[in-house]
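The values are calculated or read from the model by the stated rules, or taken from the named source; none is laboratory data. Please read all numbers here as calculations on a predicted model, not as lab measurements. Cβ atoms come from the backbone with ideal geometry, glycine included; neighbour counts cover every protein chain shown.
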Amino acid sequence: MSFVVTGLPLETFQPLFDLDDAALAERGVIRSIVQPGERSPCRVTLEDASPGERILLLNYEHQSAPTPYRSRHAIFVREASPQTCTVRDSLPPVMHSRVMSLRAFSADGVIVDARLAQPDEVAAAIERQFADPRAAYIHAHYAAYGCYAARIDRA
């Protein structure tokens, strides 16, 4: 089964990049510099930010459906994000080395399936979830921290 993994829209975050730290703090956003050894997965580019890059840590509502599954969590966004990542029938770099939690939702935003997948099992788990006709889309989360990673749709 064909699928598409999509990062968050860059234009959502661009207005934050020019704000100073005080203005960001008023919005509950933290700017920092990635240190060697840190893993800071950008939700726009779906790549880990490199040491020395500036990133924003903010709270983001990734599941806005008016159901009990409505959800928001912390995410990283690279200030140098060139564009939103879209990957078809493969996984973006940030999903190759992490255990993922995959939550399949119906069109009206209710969970119909949830799975944990090891890095080498993620694509197969996505295909199994989309085998269920009730699954309209999948939200991938990093299993360790529970943070939203990306949206996955049928291609």
All positions within the stretch 4-40 that are among the polar types (S, T, N, Q), without any contact (Cβ under 8 Å) to a residue 40 or more places away in the chain and either exposed (fewer than 11 other Cβ atoms within 10 Å of the Cβ) or farther than 15 Å from GLU61 by Cα (or both): GLN14, SER32, GLN35, SER40
Sole residue being within 30 Å of PRO51 (Cβ to Cβ), without any contact (Cβ under 8 Å) to a residue 60 or more places away in the chain and in contact with an Asp or Glu (Cβ under 8 Å, 6 or more places away or on another chain), chosen from ARG98, ARG78: ARG78
Selection from the stretch 67-82 of residues closer than 11 Å to LEU46 by Cβ and part of a loop (DSSP other than H, G, I, E, B) yields SER81
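Report the residue count in the stretch 41-59 for those that are of a type outside the set (Asp, Glu) and surrounded by 17 or more Cβ atoms within 10 Å (Cβ to Cβ).
Residues of the stretch 41-59 of a type outside the set (Asp, Glu): 41-46, 49-52, 54-59.
Checking the rest, the ones that are also surrounded by 17 or more Cβ atoms within 10 Å (Cβ to Cβ) come to 41-46, 49, 55-56, 58.
So the count comes out to 10.
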Under 8 Å by Cβ, and 6 or more places apart or on different chains, what pairs join a residue from the stretch 128-155 that is farther than 14 Å from MET100 by Cα and at pLDDT 95 or above with one that is of a type in the set (Val, Ile, Thr) and crowded, with 22+ Cβ neighbours inside 10 Å? PHE130/ILE138; TYR137/ILE152; ASP153/ILE138
